[in-house]
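S.K.: Before I ask anything, let me first share the structure, which is written out below as structure tokens.
The values are calculated or read from the model by the stated rules, or taken from the named source; none is laboratory data. Values in this document were obtained by computation on a predicted structure and should not be read as measured data. Please note: Cβ atoms are built from the backbone with ideal geometry, for glycine as well, and neighbour counts cover all protein chains shown. Protein only, heavy atoms only, side chains kept; ligands, DNA and RNA dropped before computing areas. Shrake-Rupley method; radii C 1.70, N 1.55, O 1.52, S 1.80 Å.
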Amino acid sequence: MRDTVIVADTRGPADVHGVHGTQGLTRWACLARRPGLLGGWEAVEWASIPPGGVSGEHLHTRTEEVYVLLAGRGEITLDGRPYPVEAGDVVLTGLGTTHGLRNAGTEALDWLVIEMPAVPLPRTPILRHAVVTNLRRVGPIDPGVVLTGPLRHLELARLRPGERAELAADATEHTVFVTAGSGRAAAADVRVPLEPGRSLTLPLGSSAALTAGNDGLEYVHAVLTVPPSERPGELR
């Protein structure tokens, strides 16, 4: 097994102006990118817009995108139709779907972005499709029912105080983003404190144990399958 894990957080985000052709400020942090990973990740990112802020409508012709709403209240526009969203909601946007996000509340609107290449079927027209659901109410979902890419598990997981969860990146890679509570992650000889805004990404061949602190631990957990053709014969 590999000892490598990728740790990132949302402290000190970049200020980005005019995202997708709009006016205003977006705070942004990259949590993981394809280099160092073997799965079909494009990027895992965190973004935040102030009250009244907008992330402009845009079209993906190569990648699929998942938004996980972390805090605040907003409105997602999908192919011209608006839908209310709030913390706990997840938006799955397939290839060819136009989407944009507006902060409709009085607090910052924060969300997690998981982007990955789509796998369009040969000789098949691009079918626009998107789904909005809530991870708090429905529990774990399989994004593969909507998306064509390798993301196959998405949940908002909760651990009680002292409870432990084992993650093993055997034929998969994992990203964890802490939303509430505290705890620690143990990967080989590395100990990583867990707190809201911190992420942990497990490349193929690595593993980690998450242990909740005295106030429990809540986190977004995404699992992406790695095709056999991308798995090396031996990991060192």
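S.K.: Just one of (1) over 25 Å from Gly12 (Cα atoms); (2) basic (Lys, Arg); (3) in a strand (DSSP E or B) trips up Arg136, so point out which.
M.R.: The number of the failed condition is (3).
S.K.: Could you figure out which of (1) open to solvent by less than 10 Å² (accessible area, probe 1.4 Å); (2) more than 19 Å from Val146 (Cβ to Cβ) isn't true of Leu92?
M.R.: (2)
S.K.: Considering only residues of the range 68-89 that are crowded, with 16+ Cβ neighbours inside 10 Å and of a type in the set (Asp, Glu), which is nearest to Val54 (Cα to Cα)?
M.R.: The qualifying residue nearest to Val54 (Cα to Cα) is Glu75.
S.K.: Taking strands (runs of 3 or more DSSP E) that fall entirely within the range 174-236, which contain at least 3 residues that are surrounded by 18 or more Cβ atoms within 10 Å (Cβ to Cβ)?
M.R.: Of the strands (runs of 3 or more DSSP E) lying wholly inside the range 174-236, those with at least 3 residues that are surrounded by 18 or more Cβ atoms within 10 Å (Cβ to Cβ) span 198-202, 207-225.
S.K.: Right, here's the next one. Looking at Leu167, is it open to solvent by 10 Å² or more (accessible area, probe 1.4 Å), over 14 Å from Asp9 (Cα atoms) and not polar (S, T, N, Q)?
M.R.: So Leu167 fits the description; yes.
S.K.: Mind checking whether some residue in the range 107-116 is open to solvent by less than 60 Å² (accessible area, probe 1.4 Å), modelled with pLDDT under 95, of a type in the set (A, V, I, L, M) and outside any strand (DSSP E or B)?
M.R.: The answer is no, given that none of the residues of the range 107-116 is open to solvent by less than 60 Å² (accessible area, probe 1.4 Å), modelled with pLDDT under 95, of a type in the set (A, V, I, L, M) and outside any strand (DSSP E or B).
S.K.: Here's a follow-up. Residues in the range 139-155: is at least one over 16 Å from Val220 (Cβ atoms), at pLDDT 95 or above and either outside any strand (DSSP E or B) or open to solvent by less than 50 Å² (accessible area, probe 1.4 Å) (or both)?
M.R.: Within the range 139-155, not a single residue is over 16 Å from Val220 (Cβ atoms), at pLDDT 95 or above and either outside any strand (DSSP E or B) or open to solvent by less than 50 Å² (accessible area, probe 1.4 Å) (or both).
S.K.: If we scan the range 33-49, do we find a residue that is closer than 26 Å to Asp79 by Cβ and open to solvent by 60 Å² or more (accessible area, probe 1.4 Å)?
M.R.: No, the range 33-49 contains no residue that is closer than 26 Å to Asp79 by Cβ and open to solvent by 60 Å² or more (accessible area, probe 1.4 Å).
S.K.: Please verify whether Arg102 is over 19 Å from Leu135 (Cα atoms), basic (Lys, Arg), in contact (Cβ under 8 Å) with a residue 40 or more places away in the chain and in a strand (DSSP E or B), treating the condition exactly as stated.
M.R.: yes
S.K.: I'd like the residue in the range 1-57 that is of a type in the set (A, V, I, L, M) and part of a loop (DSSP other than H, G, I, E, B) and, out of all such residues, is farthest from the chain's Cα centre (by Cα).
M.R.: Checked the range 1-57; the qualifying residue farthest from the chain's Cα centre (by Cα) is Met1.
S.K.: In this structure, is Leu59 hydrophobic (A, V, I, L, M, F, W, C) and either touching a helix residue (DSSP H, G or I) at 6+ places or on another chain (Cβ under 8 Å) or at pLDDT 90 or above (or both)?
M.R.: The answer is no for Leu59.
S.K.: So, one more: Hey, does the range 125-137 have a residue that's exposed (fewer than 12 other Cβ atoms within 10 Å of the Cβ) and modelled with pLDDT under 90?
M.R.: yes
S.K.: Answer yes if at least one residue in the range 68-88 is in contact with a Leu (Cβ under 8 Å, 6 or more places away or on another chain), modelled with pLDDT of 90 or more and aromatic (Phe, Trp, Tyr), and no otherwise.
M.R.: No, the range 68-88 contains no residue that is in contact with a Leu (Cβ under 8 Å, 6 or more places away or on another chain), modelled with pLDDT of 90 or more and aromatic (Phe, Trp, Tyr).
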